[in-house]
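Visitor: Structure incoming, see below.
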Amino acid sequence: MAVTSTVRARCGNESANRDSLKKGGKCDESNYVYLCLGNAYDEYNQYLGGIVDLRHLTYFLSIVDEGSINAASRSLRVAQPSLSRQLRSLEKDLGLTLFDRSGAKLSLTAAGTAFLPIAKDLVTRAAQATSSARAMAGGSVQRLTIAAASATIADIIAPFIVSQGPDGVLTNVVEATPEFVYHALQEGKADFALGTKPPPSELKSVVVGRAFLWAQCNAKHPLAGRENISLQELVQWPLIAMTADFGVRTMFDDAVSAERLTYTAEFEVRSARVGQALAAAGKGICVLSDDPSFGVHAMPITHRGKDLVFTLFGVWNPLHFAASAIEECLRNLSRFTSDLYPAARI
């Protein structure tokens, strides 16, 4: 089956369907599949030649993941000879050799390596389209999934879900490390995301709010009771820092570098809770964005007369069938964040 030609042949009036969706109307599943996948196929159509079967792409990805045709055949429950034929059919359709078969184990050729992200993107978009069309057929958006870092989930998203009550549409979360929050969105694991880094240009985004970067110490620490602490004073104490791949660490290090200061990180942690536990145990002052726990005293860090705050971006795919519902959810989340951190309002 030629995916591109089939989808385009069934899509009907694209602009009419988009207008219908914007007005809250419906369109059939085949039409919506094109609306979700149209841009991807526009990008890849010249390369693919309009002749690729999504099933073949799924088989190709399974072989890559499993490392061999035999292992993939067991995973897919497809006979090994049939799977081999399907793979060769894909290679023939593409005019490419995707695997090097000269060794004892299959390995991707240069062409296969280049094609891999394209295949992943198309299969992901197809899955999103199917899921979206089914949800749309129900007539309303009742459930949305958001991707975010653990601290954002605990301090903002979970309380927000409580505040929305039984009618809230945000019902599930996907936890990811800060650097992979948008990857979870692009892989179709979530409908939208909340992150602290500017998102990729192909995604749509709004600033949802801002939150403090805290210095947290033991309740008996000499600094306990302080309302805030300057960056210059803070770096004179032994610190507990998140590892360098966390946005809060990058933000703190950038501020320190801008002032040509230095500091000693007694401990580097990947878990904010562990960092807070170390601070509560009196092993140093923890620098992180999580709300306080274990009885630690938290104080905003000031830099050049202002509190250090980081930006929260709400991010989604503009082609998502529930884009309007996502935007409304983010508006509500923005108001909630402003009430939660009034001193850090936009």
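The values are calculated or read from the model by the stated rules, or taken from the named source; none is laboratory data. Predicted, not measured: the structure shown is a model, and the values here were computed from it. Neighbour counts are summed over all protein chains in view; Cβ atoms, including those assigned to glycine, are modelled from backbone coordinates with ideal geometry. Please note that ligands, DNA and RNA were not included when accessible areas were found on the heavy atoms of the full protein model with its side chains. Shrake-Rupley method; radii C 1.70, N 1.55, O 1.52, S 1.80 Å.
Visitor: R0 = 45 Å: FRET efficiency of A244 with R85, Cβ-based, nearest 0.05?
Guide: Values: r = 48 Å, r/R0 = 1.06.
Efficiency at R0 = 45 Å is approximately 0.40.
Visitor: Same structure, new question: Tell me the accessible surface of D93 in square angstrom (1.4 angstrom probe, heavy atoms of protein chains only), to the nearest ten.
Guide: Near enough 50 Å² of accessible area.
Visitor: Next question, about the same structure. Tell me, what HN-Hα J-couplings in whole Hz come from the Karplus equation 6.51 cos²θ - 1.76 cosθ + 1.60 at θ = phi - 60° for each residue of region 245-253, using x for Gly and Pro?
Guide: Karplus values, whole Hz, x for Gly and Pro: 7, 8, x, 5, 5, 4, 4, 5, 5.
Visitor: Could you tell me whether region 76-126 comes out rounded, prolate or oblate from its Cα gyration tensor? Rule is a ≥ b ≥ c as square roots of the eigenvalues, rounded for a/c under 1.5, then prolate if a/b exceeds b/c, otherwise oblate. Write out the running numbers ahead of the final one.
Guide: Values: a/c = 1.65, a/b = 1.13, b/c = 1.46.
Judged from the Cα gyration tensor, region 76-126 comes out oblate (a/c at least 1.5, b/c at or above a/b).
Visitor: Note down the nm distance, to one decimal, between modelled labels 7 Å out along Cα→Cβ at R77 and at K197.
Guide: Each label point is offset 7 Å from its Cα along the Cβ direction, giving 3.9 nm.
Visitor: Run the quick spin-label model on S338 and A111: label points 7 Å from Cα toward the beta carbon, then report their separation in nm to one decimal.
Guide: 5.6
Visitor: Under 15 Å from a point 7 Å along the Cα-to-Cβ line of R304: which residues of region 201-240 have their amide N that close?
Guide: Answer for this model: 231-232.
Visitor: Considering only protein heavy atoms and a 1.4 Å probe, what is the carbon-and-sulfur percentage of the accessible area of region 237-341? Show your work: numbers first, answer last.
Guide: On the way: 2410 of 4640 Å².
Heavy-atom surface of region 237-341 belonging to carbon and sulfur, 1.4 Å probe: 52 percent.
Visitor: Multiply the residue separation of S68 and T264 by 0.36 nm, subtract the distance between their alpha-carbon atoms, and state the gained length in nm to one decimal.
Guide: Values: separation 196, 0.36 × 196 = 70.56 nm, distance 4.82 nm.
Using 0.36 nm per residue and subtracting the Cα-Cα distance, I get 65.7 nm.
Visitor: Could you list, in their original order, any pairs among K92/K189; K283/K306; K197/K283; K120/K189 whose Cα atoms are separated by more than 25 Å?
Guide: On the way: K92/K189 31 Å; K283/K306 27 Å; K197/K283 30 Å; K120/K189 13 Å.
K92/K189; K283/K306; K197/K283, as the Cα separations exceed 25 Å there.
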